[in-house]
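Here is the structure we will look at, set down as structure tokens.
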Amino acid sequence: MRIPPNHPRRESLLLREKIVEGYKRGIVALEGLIAHGRGECFDYLLGEKTHDFAYEAIRAAAAALLLAEYPVLSVNGNTAMLVPSEIVKLARIVNAKIEVNLFYRTREREEAIADWLRKHGATEVLGVGEDASATIPELFSERRRVSPRGILRADVVFVPLEDGDRTEALRRMGKTVIAVDLNPLSRTARAANITIVDNIVRALPILVEEANKLRKADRSMLRRILEGYDNNHVLSRALIAIKNRLERLANSKIVLDIS
Ligand code: PTJ
């Protein structure tokens with residue numbers, strides 16, 4: 001569909017088109033379209049901008065990834081479609097593995113996502129076919145299947161646009177979990193060590209830039225960033241930002257002037 005250049009919701013509509021294209025390419029699950037819509041709703045409430053609490057979480061995420069011994073970036077259909085180049089860049093900067101991990105797992109989608117990531121510069125993509133031979137204990141969705149060279153071994157796992165219970169299972173395994181989720185009330189957002197409450201399309205380029213900036217920093221400085229980070233406070237600020245924005249809007253003129 002051609003979206004007019006002056007359409008007031010152009011950016012949002014272009015993202016929708018990307019997700020639909022991802023579905024047609026066999027990358028995004030049908031349910032991924034619904035998940036995107038839920039994200040859009042929270043982005044609307046947040047004013048479609050990156051807030052200070054998200055910047056703070058991004059900085060902590062960069063520090064955690066740089067301090068990690070074995071970081072892994074977990075990629076699902078929506079993430080692959082929305083930010084493939086940024087995932088590849090981030091993996092290079094923080095020296096992380098990339099692993100495909102799907103809730104709605106099919107061999108065709110695993111391969112389509114791995115091909116798409118390779119097309120965007122990835123040299124190695126874990127978690128495809130037989131490589132996903134290990135299992136995360138106590139998890140019953142298809143997300144339990146992971147690579148023994150990837151998520152199973154990882155000390156820090158980056159899980160953008162995650163569904164609920166895997167974050168908790170990964171935490172119980174002693175891993176540090178970094179989430180990106182526009183919904184500050186989701187189980188993932190509340191169970192992760194670091195939650196970036198922002199749209200992945202805005203957050204990932206900033207995370208890449210921040211990791212690049214901090215790459216040369218000494219480890220004691222990175223540790224200080226992590227020690228000063230409080231995820232509960234970040235989630236609380238996200239909720240307050242939504243509340244304040246709604247209050248401001250409710251107290252202003254809501255109807256549009258149509259002449
Ligand atoms: O590709 P698969 O098979 O692994 O499936 C991926 C989806 C996303 C369909 C699956 O993980 C799922 O059903 O997720 P949920 O439970 O709908 O959760 C997705 C979360 O991501 C929701 O809390 C959304 O608000 C959030 N979200 C959606 N789009 C974005 C987002 N957060 C950040 N940026 C977005 N663009």
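The values are calculated or read from the model by the stated rules, or taken from the named source; none is laboratory data. Predicted, not measured: the structure shown is a model, and the values here were computed from it. With ideal geometry, Cβ positions are generated from the backbone for all residues, glycine too; neighbour counts draw on all protein chains shown. The accessibility values were calculated without ligands, DNA or RNA, using every heavy atom of the protein model including side chains. Shrake-Rupley method; radii C 1.70, N 1.55, O 1.52, S 1.80 Å.
Summed over the range 207-221, residues that are away from the ligand (no atom under 13 Å from the Cβ), in contact with a helix residue (DSSP H, G or I) (Cβ under 6 Å, 6 or more places away or on another chain) and either under 19 Å from Gly47 (Cα atoms) or among the aliphatic types (A, V, I, L, M) (or both) total 3.
Table: residues versus (1) more than 20 Å from Thr188 (Cβ to Cβ); (2) open to solvent by less than 10 Å² (accessible area, probe 1.4 Å).
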residue: Gly26; (1), (2): yes, no
residue: Leu67; (1), (2): yes, no
residue: Ile93; (1), (2): yes, no
residue: Ala96; (1), (2): no, no
residue: Glu110; (1), (2): yes, yes
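Filtered by the rule that a residue be near the ligand (Cβ under 9 Å from one of its atoms) and within 14 Å of Asp165 (Cα to Cα), the range 182-194 gives Leu185, Ser186, Arg187, Thr188, Ala189. Counting only helices (runs of 4 or more DSSP H) wholly contained in the range 139-220, the ones carrying 2 or more residues that are of a type in the set (Lys, Arg), over 23 Å from Lys89 (Cβ atoms) and touching a strand residue (DSSP E or B) at 6+ places or on another chain (Cβ under 8 Å) occupy 164-172.
How many residues are more than 8 Å from the ligand (Cβ to nearest atom), touching a residue at least 12 places away in the same chain (Cβ under 8 Å) and open to solvent by 30 Å² or more (accessible area, probe 1.4 Å) when one looks only at the range 34-46? Residues in the range 34-46 being more than 8 Å from the ligand (Cβ to nearest atom), touching a residue at least 12 places away in the same chain (Cβ under 8 Å) and open to solvent by 30 Å² or more (accessible area, probe 1.4 Å): 1 in total.
Remark: Leu73 matches the filter, which requires a residue to be within 30 Å of Asp230 (Cβ to Cβ), in a strand (DSSP E or B), at pLDDT 95 or above and of a type outside the set (Asp, Glu). Evaluation of Arg224 against the conditions (1) in a loop (DSSP other than H, G, I, E, B); (2) over 17 Å from the mean Cα position of the chain (by Cα); (3) on the phi < 0 side of the Ramachandran plot shows that the sole unmet condition is (1). Might you check whether a residue that is touching a residue at least 60 places away in the same chain (Cβ under 8 Å), out of contact with any Phe, Trp or Tyr (no Cβ under 7 Å at 6 or more places or on another chain), closer than 30 Å to Pro8 by Cβ and open to solvent by less than 80 Å² (accessible area, probe 1.4 Å) occurs anywhere in the range 207-224? The answer is yes, given that some residue of the range 207-224 is touching a residue at least 60 places away in the same chain (Cβ under 8 Å), out of contact with any Phe, Trp or Tyr (no Cβ under 7 Å at 6 or more places or on another chain), closer than 30 Å to Pro8 by Cβ and open to solvent by less than 80 Å² (accessible area, probe 1.4 Å). Condition test on Glu11, is it within 16 Å of Val83 (Cβ to Cβ), open to solvent by 50 Å² or more (accessible area, probe 1.4 Å) and either at pLDDT below 95 or of a type in the set (A, V, I, L, M) (or both)? When the stated conditions are applied, Glu11 passes them. On the basis of being under 18 Å from Leu67 (Cβ atoms), open to solvent by 90 Å² or more (accessible area, probe 1.4 Å) and of a type outside the set (Lys, Arg), does Glu247 make the cut? It is false that Glu247 is under 18 Å from Leu67 (Cβ atoms), open to solvent by 90 Å² or more (accessible area, probe 1.4 Å) and of a type outside the set (Lys, Arg).
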